[in-house]
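All remarks here apply to the structure that follows.
Just so it is clear, none of the values below were taken in a lab; they were calculated from the coordinates. All values derive from a computational prediction rather than experimental measurement. Here the Cβ positions follow ideal geometry from the backbone for every residue, glycine too, while neighbour counts run over all protein chains shown.
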Ligand code: ADP
């Protein structure tokens, strides 16, 4: 594979940078495509996390006092450095995470765009002047940073899930302690390295790499100086964190699991729907919280949709993400592939049909064969589970009301997709779907200006957009007597 040298160079650099993090122990980072060890990083403890919180607390007053223009200048330098090194960062991301190199480089720039956007949006964090209830009083509302933020991030977008939290936090005037996922700490460390080069004051951005999430996260969620937790990950862990935050009543933003329906109506442009299905199902090998998890296809077009989807999926090369031809990479680790194989095996044992795939990929290791299943019944585990792999279960439906009920019949409410051309149907269905994000003839591409987040058990709060910035502020009512 000829594009790896950039990754090798930046790995050397980032490990030299990470040498400052002293810990008694280290933990290993593996390449999910080959199983080879990439590096050892510091396995930090509760005491290290407390030190990081102390640094963030010490840095907070001066960072909060800076003008938005001053903060933006440093943030834009960081954004520029990430763009300059985007190819190297992309390779490093693929090396530890596995996704195809074009997706990895795309994630790096997509993630960096949050930094630029929020740097600018911070300048527009306006307050209010409220018409007074008395002639000798004036009523103002000002917005202030919440304080020190704890961020806990997942491995599926190891770069962008960090910047999507850090950028609005910094723009609002907060300082931050980040606990990256244990599978992908290098993409976090390289962002910290470039942040230092950009000139952030010490203590504004802090990273705590750890193999044991509960130990470090427990400090973040219980420490009185941490005023907000921003978490992206599973619903199970999100609920734990919410409980842990109750003791100090922290603000919380939670981006949790999903169970996205992907609905194809009989008036849909089928080729567009197939292209959408590929994007919504197979990006990151199906390991995203907005991945299509259930395909509902109206009966009259079901056979044709399945045929075209199968042809399209079959054409996608599976392989090492560092190979430029690869469209589907490995799953993140052994636990992930065991889970996906278990779900498919359970469905096949209970009578489902594999129209394509249905087993681990011939490459072995963490590779799973892209799979299309029909004949799913409610007793199969994958009928309700978040699959998180390249597996598409197809269901048939007959009426609009029926499919809306099916689509909403889940505790989750993150993303939903549907394909139809009738304008009345587009509005009816979009409004009836109980989801934080709905794509109509469109897959959802998160971008800095739009609000990302879920309802029901998919989360609390929004990331991106002006709503995402406000989540890092407190409003203060200021009454002035004249
Ligand atoms: P996923 O299923 O995507 O791995 P997790 O919720 O397990 O989702 O992981 C997301 C983030 O939460 C990671 O940084 C992980 O280390 C962290 N995490 C996992 N378990 C816990 C826990 N019990 N308490 C706090 N954080 C956790």
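What percent do you get for the relative contact order of the chain when only Cα pairs under 8 Å and 6+ apart count? Walk me through the numbers before you get to the answer.
On the way: 1089 pairs, mean separation 86.6, N = 482.
With pairs under 8 Å counted, the relative contact order is 18 percent.
Students often check this: by mean Cβ neighbours within 10 Å, which of 415-421, 248-254, 369-375, 158-164 ranks highest, and how do the rest follow? Don't skip to the answer; put the middle values down first.
Details: 415-421: 25.4, 248-254: 18.4, 369-375: 21.1, 158-164: 27.4.
My ranking of the peptides, most packed first, is 158-164, 415-421, 369-375, 248-254.
Starting from the Cα-Cα distance between residue 37 and residue 17, subtract it from 0.36 nm times their residue separation and give me the gain in nm to one decimal. Before the final figure, lay out each step's value.
Working: separation 20, 0.36 × 20 = 7.20 nm, distance 1.90 nm.
Extra length available between residue 37 and residue 17 comes to 5.3 nm.
Can you give the relative contact order of the range 76-203 as a percent, counting alpha carbon pairs under 8 Å and 6+ residues apart? Mind dumping the intermediate values first?
Numbers: 184 pairs, mean separation 36.8, N = 128.
Reported as a whole number, the value is 29 percent.
Output the 0 to 90 degree angle, nearest 10, between the alpha-carbon long axis of helix 235-246 and the longest principal axis computed from the alpha carbons of the chain.
Here the helix axis deviates by roughly 20 degrees.
Rank-order 136-148, 278-290 by packing density, defined as the average count of other C-beta atoms within 10 Å over each peptide's residues, highest first. Could you put the intermediate results ahead of the total?
On the way: 136-148: 16.3, 278-290: 24.4.
Top of the packing list down: 278-290, 136-148.
Ordered by packing density, taken as the mean number of other Cβ atoms within 10 Å over each peptide's residues, highest first, how do 51-57, 18-24 rank?
51-57, 18-24
Using r as the Cβ-Cβ distance of residue 311 and residue 136, and R0 as 51 Å, what FRET efficiency do you calculate, to the nearest 0.05?
E between residue 311 and residue 136, to the nearest 0.05, is 0.10.
Does anyone have the angle between helix 185-198 and the longest principal axis of the chain? Alpha-carbon axes, 0 to 90°, nearest 10?
Once rounded, one gets 40 degrees.
Set the Förster radius R0 to 30 Å, insert the Cβ-Cβ distance between residue 212 and residue 64 as r into 1/(1 + (r/R0)^6), and round the FRET efficiency to 0.05.
Working: r = 32 Å, r/R0 = 1.05.
E(calc), rounded to 0.05, equals 0.45.
Let me have the 222 nm mean residue ellipticity of the chain computed from DSSP H runs of 4+ only, each contributing -39500 (n - 2.57), with the sum over all residues rounded to the nearest 500. Walk me through the numbers before you get to the answer.
Working: 15 runs with 203 residues, N = 482.
For the chain, the value works out to -13500 deg cm²/dmol.
Please determine, in degrees from 0 to 90 and to the nearest 10, the orientation of helix 213-222 with respect to the longest principal axis defined by the Cα atoms of the chain, where the helix direction is its Cα long axis.
40
So what's the gap between the Cα centers of the range 449-482 and the range 204-274, to the nearest angstrom?
16
For Cα pairs less than 8 Å apart in space and 6+ apart in sequence, what is the mean separation divided by the residue count of the range 231-381, i.e. the relative contact order in percent?
Reported relative contact order: 16 percent.
Taking every DSSP beta bridge with both residues inside the chain, roughly what % is antiparallel (nearest 5)? Can you show the working numbers first?
Numbers: 25 of 63 bridges.
Expressed as a percentage, antiparallel bridges in the chain total about 40.
For labels at residue 120 and residue 47 in the simple 7 Å Cα→Cβ model, what's the distance in nm?
Those two pseudo-labels are separated by 4.7 nm.
Between the range 306-362 and the range 1-72, how many Å separate their Cα centres?
Taking the Cα centre of each part, the range 306-362 and the range 1-72 sit 33 Å apart.
Which percent, to the nearest 5, of DSSP beta bridges fully inside the range 329-482 are antiparallel? Write out the running numbers ahead of the final one.
Numbers: 5 of 12 bridges.
Of those bridges, close to 40 percent are antiparallel.
Report the antiparallel proportion of the DSSP beta bridges in the range 290-420 as a percent, rounded to a multiple of 5.
On the way: 4 of 12 bridges.
Of all bridge pairs located within the range 290-420, approximately 35 percent are antiparallel.
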